[in-house]
1. Examine segment 75-83 for a residue that is under 26 Å from LEU160 (Cα atoms), hydrophobic (A, V, I, L, M, F, W, C), modelled with pLDDT of 95 or more and surrounded by 18 or more Cβ atoms within 10 Å (Cβ to Cβ), and state whether such a residue exists.
2. In segment 131-177, which residue that is part of a strand (DSSP E or B) and not aliphatic (A, V, I, L, M) is surrounded by the most Cβ atoms within 10 Å (Cβ to Cβ)?
3. Please go through segment 76-130 and pick out each residue that is of a type in the set (Ser, Thr, Tyr) and assigned to a helix (DSSP H, G or I).
4. Could you count how many residues in segment 42-75 are under 22 Å from GLY102 (Cβ atoms) and in a strand (DSSP E or B)?
5. Where residues in segment 195-234 are polar (S, T, N, Q) and under 18 Å from the mean Cα position of the chain (by Cα), which of them is nearest to VAL247 (Cα to Cα)?
6. Taking the options TYR200, TYR137, name whichever one is closer than 28 Å to ASP28 by Cβ and touching a residue at least 12 places away in the same chain (Cβ under 8 Å).
7. Residue by residue through segment 91-110, note down the ones that are over 18 Å from TYR137 (Cβ atoms) and touching a residue at least 24 places away in the same chain (Cβ under 8 Å).
8. What do you reckon, is ALA92 in contact with a helix residue (DSSP H, G or I) (Cβ under 7 Å, 6 or more places away or on another chain), modelled with pLDDT under 95 and assigned by TED's automatic domain parsing to the domain that holds ASP133?
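The values are calculated or read from the model by the stated rules, or taken from the named source; none is laboratory data. From a predicted model like this one, the values you see are computed outputs, not experimental measurements. Note that we place each Cβ from the backbone using ideal geometry, even for glycine, and neighbour counts take in every protein chain shown.
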Amino acid sequence: MQARFSRQFNFLGMPAIVASPRMLEVIDLAERIARTGAAVLIQGESGCGKEIVARGMHQLSLRCNRPWVDISCGALPEHLMESELFGYEKGAFSGADSVKPGLFELANGGTLFLDEVGELEPKMQVKLLRVLDGVPYYRLGGTRKISVDVRVLAATNIDLEEAVQQGRFRRDLYHRLSQVTLRVPPLRERPEDIEALARYFLTEQDPALELEREALDALRRYHWPGNVRELRNVITRASIFAREGAVTADDLGLPLRPVPISAPACSLDSGLEGIERRTILRVLGETNGHRQRAANLLGISRRTLSRKLKQYSLADPSDHDGEESTGRGRLLQDWDHGQQLPGKTA
């Protein structure tokens, strides 16, 4: 079953699956900004979808029928970045066997997207600023000035204001790029998109596969530091390991965040992990420590329950997967002194 209320966009060949109100607001704002000629700085964590938003802004703008050109500013050293942006004449340097127009020329009348703009070297920042201010420029080795009409969209996963304060990024270039700033929220701040994207990526790999409820719960709980890019990789990998037409939580292979040994006892019972831990303890108490029955009541697999017990340091070190513990050992010891295990009476 597909996630409800999800919408699919296609921006210059890149699909965007959106189900969360926050991301729909971003798309709506991007559409309004697209109709203007303002330079836009798109901020957000790596892999959260900044390029898709930029492509959408070009496609929704009055320049939609003109060129779209993109480049990663962190992918090339300074001397190559200059020749890529501004081009060069034949014989400008060793290996320059012919004339090469720069990306500004190629994007004339359209949009130039500068990804990872915070990685630009200081000298390139100066040269870029002059062009953005409308000053004609020379190709490398050229004698004729070139003028272009280009709308620049820039993206960064670093805090450019902080970079300005530290002297790593020019203040004037920052203000020139950020006539409008648009923030793309990370995946963990838009949980509605997780299921929609996961189902889309899974359908790409194998339309016959489904996500088990336990797998969906695991996807929602995970922090997603790599955002959408990481989610795609996880689903791709899970589709390979899946059996019997369904992806389980174990197939996802998501890392668990163990509680630090030095953490105070009160921190163990805070937040979602605390709720999960207390629920496991309660159900194990109701089943007198029988793991299979507890797993059935929790709606998870026996293997996942064993992993959770290890994660929260609730399992007896002598216990082995596949064997029922003859007693509740560590579970009883773990419970606060003077309290009973939930589900049991004195």
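1. First pass over segment 75-83, keeping only residues under 26 Å from LEU160 (Cα atoms): 75-83.
Applying the additional criterion that residues be hydrophobic (A, V, I, L, M, F, W, C) yields 75-76, 80-81.
Subsequent filtering for residues that are modelled with pLDDT of 95 or more retains none.
No, that holds for no residue.
2. Per the criteria, the residue is THR156.
3. Taking segment 76-130 and keeping what is of a type in the set (Ser, Thr, Tyr), we get 83, 88, 94, 98, 111.
Hit for segment 76-130 is SER83, nothing else.
4. Number of matching residues: 5.
5. In the first step, residues of segment 195-234 are kept if they are polar (S, T, N, Q); the result is 203, 205, 227, 233.
Okay, now just the ones that are also under 18 Å from the mean Cα position of the chain (by Cα), so 227, 233.
Numbers: ASN227: 20, ASN233: 14 Å.
Looking at the filtered set, the residue picked out is ASN233.
6. TYR200
7. The first filter runs over segment 91-110 and keeps only residues over 18 Å from TYR137 (Cβ atoms), leaving 91, 94-95, 97-98.
Within segment 91-110, just GLY91 meets the criteria.
8. no
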